[in-house]
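The values are calculated or read from the model by the stated rules, or taken from the named source; none is laboratory data. Since the structure is predicted, the reported quantities are computational estimates derived from the model, not experimental observations. Here Cβ is always computed from backbone atoms with ideal geometry, including for glycine, and neighbour counts include all displayed protein chains.
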Amino acid sequence: MICERCNDLKNILLSARGITKKYNVGTSTLDVLVGIDLDIYRGEILAVIGESGAGKSTLLHILGMLDRPTSGTFELNGEYITDKSDNELATFRNKMIGFVFQFHHLLPEFSALENVMMPALIARKNGSGALERAKMLLAQVGLSDRIKHRPGELSGGELQRVAVARALMNEPAIVLADEPSGNLDHKNSLMLHDLMWNLADKLKYTFVIVTHDMALAGKADRIVQLHDGKIKEIQKQYLNELFSP
């Protein structure tokens, strides 16, 4: 499938090879991922679909360096990740990857502005520069009038928009979203989807989105399906047939 958003299909941002993930369950072994090979191109929106328990979140956590694979290698932006120490991974992850989760994971005691700034503060970036960028990002997600509000004072849709702004704070190479609209009603889901696509178009970010929402998946540049621990690319015209009763 051609990625219309990508200027150069040879311009691979992330390349994973032979990724496996096994868990010991009592005396047996559970194989969640079985030899995943995946290339992600700069500037594309990739949707990852599959049934519950197929390993979608596990794959995203490995690509986001929140977990290590049992075996296999991958590189991001030309750097091999496999041999990095935990401290090196944490620094690299904060710089290169933005995360949006189903549940926003905002810090309740901080304002929207402070939550968005957090990745920059962790990276010890210039305070005034971080402040201005956080304000700019909140404006881009339509929350200029809510910057002083804490998470408890925001709606579900607003919380996820703050989470998107936070994910973009350090100008990451890639944004990984795990069921970003899974906790929202239909109206707010559509607003969040449109927001992510508009940001991808304007700011040229690369998005990998794990979703069970076929309408969202259908808007992506490419779609891959996880099944039995393996991955395959899905043509859009077969998407509805794949999940029809």
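Just a yes or no: is a residue in region 168-191 more than 29 Å from Ala54 (Cα to Cα) and at pLDDT 90 or above?
yes
(1) farther than 18 Å from Thr206 by Cα; (2) within 17 Å of the chain's Cα centre (by Cα); (3) among the β-branched types (Val, Ile, Thr): which one isn't true of Val32, the others all being true?
(2)
Exactly one condition in (1) modelled with pLDDT under 90; (2) β-branched (Val, Ile, Thr); (3) in contact with a strand residue (DSSP E or B) (Cβ under 9 Å, 6 or more places away or on another chain) is not met by Thr70; state its number.
(1)
Which condition number in (1) acidic (Asp, Glu); (2) at pLDDT 90 or above; (3) under 19 Å from the mean Cα position of the chain (by Cα) is the one that Glu132 fails?
For Glu132, the failing item is (3).
Would you mind telling me which numbered condition in (1) without any contact (Cβ under 8 Å) to a residue 40 or more places away in the chain; (2) surrounded by fewer than 14 Cβ atoms within 10 Å (Cβ to Cβ) Leu89 fails?
Among (1) without any contact (Cβ under 8 Å) to a residue 40 or more places away in the chain; (2) surrounded by fewer than 14 Cβ atoms within 10 Å (Cβ to Cβ), the lone unmet condition for Leu89 is (2).
Mind listing just one residue for me: the one in region 85-116 that is of a type in the set (Phe, Trp, Tyr) and modelled with pLDDT of 85 or more and, of those, farthest from Gly182 (Cα to Cα)?
Across region 85-116, the extreme among qualifying residues is Phe92.
Quick one: which of Leu168, Leu216, Leu203, Leu184 is touching a residue at least 12 places away in the same chain (Cβ under 8 Å), farther than 24 Å from Arg93 by Cβ and within 16 Å of the chain's Cα centre (by Cα)?
Testing whether each residue is touching a residue at least 12 places away in the same chain (Cβ under 8 Å), farther than 24 Å from Arg93 by Cβ and within 16 Å of the chain's Cα centre (by Cα) leaves just Leu216.
Is it true that some residue in region 62-72 is aliphatic (A, V, I, L, M), within 21 Å of Ala177 (Cα to Cα) and surrounded by fewer than 18 Cβ atoms within 10 Å (Cβ to Cβ)?
Yes, region 62-72 contains at least one residue that is aliphatic (A, V, I, L, M), within 21 Å of Ala177 (Cα to Cα) and surrounded by fewer than 18 Cβ atoms within 10 Å (Cβ to Cβ).
With the condition kept exactly as written, say whether any residue in region 42-54 is hydrophobic (A, V, I, L, M, F, W, C), farther than 18 Å from Ala217 by Cα and crowded, with 21+ Cβ neighbours inside 10 Å.
Within region 42-54, not a single residue is hydrophobic (A, V, I, L, M, F, W, C), farther than 18 Å from Ala217 by Cα and crowded, with 21+ Cβ neighbours inside 10 Å.
For region 104-137, what are the residues that are over 25 Å from Ser155 (Cβ atoms), touching a helix residue (DSSP H, G or I) at 6+ places or on another chain (Cβ under 7 Å) and surrounded by fewer than 19 Cβ atoms within 10 Å (Cβ to Cβ)?
Leu121, Ile122, Ala123 - these are the residues of region 104-137 that are over 25 Å from Ser155 (Cβ atoms), touching a helix residue (DSSP H, G or I) at 6+ places or on another chain (Cβ under 7 Å) and surrounded by fewer than 19 Cβ atoms within 10 Å (Cβ to Cβ).
Could you check, for region 105-118, whether at least one of its residues is farther than 27 Å from Asp39 by Cα and in contact with a Pro (Cβ under 7 Å, 6 or more places away or on another chain)?
Within region 105-118, one or more residues are farther than 27 Å from Asp39 by Cα and in contact with a Pro (Cβ under 7 Å, 6 or more places away or on another chain).
For region 192-213, name all the residues that are in contact with a strand residue (DSSP E or B) (Cβ under 9 Å, 6 or more places away or on another chain) and surrounded by fewer than 16 Cβ atoms within 10 Å (Cβ to Cβ).
Within region 192-213, just His212 meets the criteria.
Looking at Leu159, is it at pLDDT 80 or above, of a type in the set (A, V, I, L, M) and surrounded by fewer than 20 Cβ atoms within 10 Å (Cβ to Cβ)?
Spelling it out, it is not the case that Leu159 is at pLDDT 80 or above, of a type in the set (A, V, I, L, M) and surrounded by fewer than 20 Cβ atoms within 10 Å (Cβ to Cβ).
If you check Asp8, Asp31, Asp37, which single one turns out to be out of contact with any Pro (no Cβ under 6 Å at 6 or more places or on another chain) and modelled with pLDDT of 90 or more?
Residue meeting the stated conditions: Asp37.
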